[in-house]
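One structure is given here, and the rest of the page talks about it.
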Amino acid sequence: MPDLDLLENTSETRGTAATLGSVVMPSPVRTGETLLARAAGLRDIKRQEASDATARHHEEIVAELDRRAMLKVSKHDVPELLAELGRRGFSWRDIAAIAGVSVPAVRKWRTGGTYSPERRTQLGRAAGLCDLIEHYLIPDPAGWLETPIVKDVPVTPMDLYLAGLEELVVDVASRRVSDPHRILGAFDSEWREKYRTDYEVYEASDGELSIRAKRR
Amino acid sequence: MDDELEIPDSSDQLYLSRGADVSGHRPFLQGDVFEATAIPGVDGGPSLAIVTTHACDMRGDDGVELAEYLHLARVEERPDAPATLKEWFKYRPKEMPLPDLRGAGSGHFTARLDLVGRVKTSDLGQRIACLMPYGITILQQRIVNRTSRVEISNRVFEEKSAAVFEEADLVEEWIESSQRVGVDRAVAEKQFDEFLGERRVGEPKLRLQLREAGKRPYVRRQVEAEIGSRFP
């Protein structure tokens, strides 16, 4: 951790006093610069501490999901894990994406098809994630996972999870992110451009959804 | 800017199922590819053909029975396909590329969006592929671009049709379960339609709730529970 006292002897703060006879008079300008430098240093320290704490928290999240996945896998085989995710309301398409296989492959697993231990762990991890999300008082984890993080941007916590950003999913669930745009930035740095469109979906006069140009 | 023709990263992203993996329980949907289908007005005899009728427009007035006619486009082999998906999808807007249509490494095909006709549904051949919703939205995007030269993000098409795609998945589950206990398919389809469209106490109809992304898991749970009680 940087030592605040060291700041006193930096080039920025050195020689901040004027001498009047034998009495050293502090220069108002130099004193201001010193305070500015101190505040800046403090800010840097706090930023570094926050960054370290976030990294540590993320490591713990991953470790917790490892633990929960192991627990699920030790108790349940693949058909049972599929049934659990199905009961939560996961779509077969999302389950297939989580396991990294096709939808027909997942459908076969339900009736006893063959699968690798790795697939079983991936399903167990998703089931464990749901339990953890519930811990943050989200009653319907599957519904929450499919809800866009920001209005008008079709990126969901499920997209984060499928992109391997499970720690960010938990950050959002635990409401540790004050600016959701930062999450989108971590998911895709070009999200503003990528998800911008001049069109919108609306309910037409016949009650069906339709597409039209956005009104300016 | 996102209102550009979509380019998939891989051919696998396009297909829900191919060949023997195609489920007979799945309702016909836009983007389904059929074998040996003659398209009136299109020369060359029976061929592969892809459904271009919009996903929302494939049923009759009752919303259940398949329409008597659908629009299909001729699908042809494309041995001279551009080397990369980017080149193919970005610079050939008049076709719908179908790389690896019969499975990985089995050759490339393309849907000729200029060779479209009205086919009686009873004349359709064997279904050999179903597109993922992502693939269907790419097809929709290219049809709109072909007929109007307008480019709209495929994500807008996804938002517009997501409820229909979801309903197709749920019908498939319902039909598969009902067939196991010997319920007639037409009866099961009607029952499903009624269940999804029935009035509910204190909440909108399930079909309407499918329009909202965060509500879809709830609807799936309701359908799953109903399947469990009707077809134990």
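The values are calculated or read from the model by the stated rules, or taken from the named source; none is laboratory data. This one's a predicted model, so the numbers in the text were calculated from it and none came from an experiment. No Cβ is skipped: glycine too gets one built from the backbone with ideal geometry, and neighbour counts run over all protein chains shown.
Quick one: which of A:GLY164, A:GLY207 is over 12 Å from the mean Cα position of the chain (by Cα) and either of a type in the set (Phe, Trp, Tyr) or exposed (fewer than 13 other Cβ atoms within 10 Å of the Cβ) (or both)?
A:GLY207
Condition first: more than 23 Å from B:ASP57 (Cα to Cα), under 22 Å from the mean Cα position of the chain (by Cα) and either part of a loop (DSSP other than H, G, I, E, B) or among the small types (Gly, Ala, Ser) (or both). Now tell me which residues in segment B:86-105 satisfy that.
B:ARG92, B:PRO93, B:PRO99, B:ASP100, B:LEU101, B:ARG102, B:GLY103, B:ALA104
Would you confirm, using the coordinates I've provided, whether B:ALA162 is more than 24 Å from B:GLY63 (Cβ to Cβ) and among the aliphatic types (A, V, I, L, M)?
In short, no.
Which ones in segment B:116-134 are in a helix (DSSP H, G or I) and within 16 Å of the chain's Cα centre (by Cα)?
Those that are in a helix (DSSP H, G or I) and within 16 Å of the chain's Cα centre (by Cα): B:THR121, B:PRO133, B:TYR134.
When only residues in segment B:202-220 that are crowded, with 16+ Cβ neighbours inside 10 Å and either at pLDDT below 95 or outside any helix (DSSP H, G or I) (or both) count, which is farthest from the other protein chains (Cβ to nearest Cβ)?
B:LEU210
Return yes or no: is A:PRO148 farther than 22 Å from A:ALA63 by Cβ and modelled with pLDDT under 95?
Taking the combined requirement at face value, the residue does not satisfy it.
Please work out if A:ALA83 is surrounded by fewer than 21 Cβ atoms within 10 Å (Cβ to Cβ), out of contact with any strand residue (DSSP E or B) (no Cβ under 8 Å at 6 or more places or on another chain) and within 24 Å of A:PRO139 (Cα to Cα). Working first, answer last.
On the way: surrounded by fewer than 21 Cβ atoms within 10 Å (Cβ to Cβ): yes; out of contact with any strand residue (DSSP E or B) (no Cβ under 8 Å at 6 or more places or on another chain): yes; within 24 Å of A:PRO139 (Cα to Cα): yes.
Against the criterion (surrounded by fewer than 21 Cβ atoms within 10 Å (Cβ to Cβ), out of contact with any strand residue (DSSP E or B) (no Cβ under 8 Å at 6 or more places or on another chain) and within 24 Å of A:PRO139 (Cα to Cα)), A:ALA83 qualifies.
Six or more apart or on different chains, Cβ under 7 Å: which pairs go from a residue in segment B:158-180 that's more than 9 Å from chain A (Cβ to nearest Cβ) and outside any helix (DSSP H, G or I) to one that's modelled with pLDDT of 95 or more and surrounded by fewer than 20 Cβ atoms within 10 Å (Cβ to Cβ)? Could you list them?
Listed pairs, sorted by first residue: none to list.
When you scan segment B:87-109, do you find a residue that is without any contact (Cβ under 8 Å) to a residue 60 or more places away in the chain, surrounded by fewer than 16 Cβ atoms within 10 Å (Cβ to Cβ), within 14 Å of chain A (Cβ to nearest Cβ) and not basic (Lys, Arg), even just one? Walk me through it before giving the result.
Residues of segment B:87-109 that are without any contact (Cβ under 8 Å) to a residue 60 or more places away in the chain, as a first pass: B:87-88, B:91-92, B:94-97, B:105-108.
Narrowing the set further to residues that are surrounded by fewer than 16 Cβ atoms within 10 Å (Cβ to Cβ) leaves B:87, B:91, B:94, B:105-107.
Subsequent filtering for residues that are within 14 Å of chain A (Cβ to nearest Cβ) retains none.
For segment B:87-109, residues without any contact (Cβ under 8 Å) to a residue 60 or more places away in the chain, surrounded by fewer than 16 Cβ atoms within 10 Å (Cβ to Cβ), within 14 Å of chain A (Cβ to nearest Cβ) and not basic (Lys, Arg): absent.
Between A:VAL101, A:VAL155, which is of a type outside the set (Phe, Trp, Tyr) and under 15 Å from the mean Cα position of the chain (by Cα)? Steps first, answer last, please.
Numbers: A:VAL101 fails: under 15 Å from the mean Cα position of the chain (by Cα).
Every option except A:VAL155 fails the conditions.
For segment A:129-175, give me the residue count where each residue is away from every other protein chain (no Cβ under 13 Å), farther than 24 Å from A:GLU190 by Cα and assigned to a loop (DSSP other than H, G, I, E, B).
Number satisfying all stated conditions: 3.
Do we have any residue at all in segment B:221-229 that's away from every other protein chain (no Cβ under 14 Å) and surrounded by fewer than 18 Cβ atoms within 10 Å (Cβ to Cβ)?
Checking segment B:221-229: at least one residue is away from every other protein chain (no Cβ under 14 Å) and surrounded by fewer than 18 Cβ atoms within 10 Å (Cβ to Cβ).
Checking the conditions here, which among A:GLU59, A:GLU80, A:GLU84, A:GLU49 is in a helix (DSSP H, G or I), within 14 Å of another protein chain (Cβ to nearest Cβ) and either free of Cβ contacts under 8 Å to residues at least 60 places away in the same chain or closer than 22 Å to B:VAL22 by Cα (or both)? Walk me through how you get there before you give the answer.
On the way: A:GLU59 fails: within 14 Å of another protein chain (Cβ to nearest Cβ); A:GLU80 fails: within 14 Å of another protein chain (Cβ to nearest Cβ); A:GLU49 fails: within 14 Å of another protein chain (Cβ to nearest Cβ).
One residue alone meets the criteria, A:GLU84.
In segment B:1-85, which strands (runs of 3 or more DSSP E) lie fully inside it and hold 2 or more residues that are within 13 Å of chain A (Cβ to nearest Cβ) and within 26 Å of B:GLN179 (Cα to Cα)?
Output list reads B:15-18.
For A:ARG93, which of the numbered conditions (1) surrounded by 15 or more Cβ atoms within 10 Å (Cβ to Cβ); (2) at pLDDT 95 or above; (3) over 21 Å from B:LEU16 (Cα atoms) fails to hold?
A:ARG93 satisfies all of (1) surrounded by 15 or more Cβ atoms within 10 Å (Cβ to Cβ); (2) at pLDDT 95 or above; (3) over 21 Å from B:LEU16 (Cα atoms) except (3).
Name the one entry in B:THR147, B:THR137 that is at pLDDT below 95, assigned to a helix (DSSP H, G or I) and away from every other protein chain (no Cβ under 11 Å).
B:THR147 is the lone residue from the list that is at pLDDT below 95, assigned to a helix (DSSP H, G or I) and away from every other protein chain (no Cβ under 11 Å).
Among (1) surrounded by fewer than 21 Cβ atoms within 10 Å (Cβ to Cβ); (2) away from chain A (no Cβ under 13 Å); (3) over 30 Å from B:SER47 (Cα atoms), which single condition is B:ALA186 missing?
(3)
Against the conditions (1) surrounded by 14 or more Cβ atoms within 10 Å (Cβ to Cβ); (2) not in a helix (DSSP H, G or I), where does A:LEU123 fall short? Just the number, please.
Every condition holds for A:LEU123 apart from (2).
For the structure I just gave you, tell me whether A:VAL201 is within 14 Å of chain B (Cβ to nearest Cβ), surrounded by 10 or more Cβ atoms within 10 Å (Cβ to Cβ) and either within 15 Å of A:ASP152 (Cα to Cα) or of a type outside the set (Gly, Ala, Ser) (or both).
Values: within 14 Å of chain B (Cβ to nearest Cβ): yes; surrounded by 10 or more Cβ atoms within 10 Å (Cβ to Cβ): yes; either within 15 Å of A:ASP152 (Cα to Cα) or of a type outside the set (Gly, Ala, Ser) (or both): yes.
Answer is yes for this residue.
For segment B:112-127, name all the residues that are β-branched (Val, Ile, Thr) and crowded, with 20+ Cβ neighbours inside 10 Å.
Within segment B:112-127, B:VAL116, B:VAL119 qualify.
Go through segment A:101-112 and report how many residues are out of contact with any Phe, Trp or Tyr (no Cβ under 7 Å at 6 or more places or on another chain) and more than 11 Å from chain B (Cβ to nearest Cβ).
1
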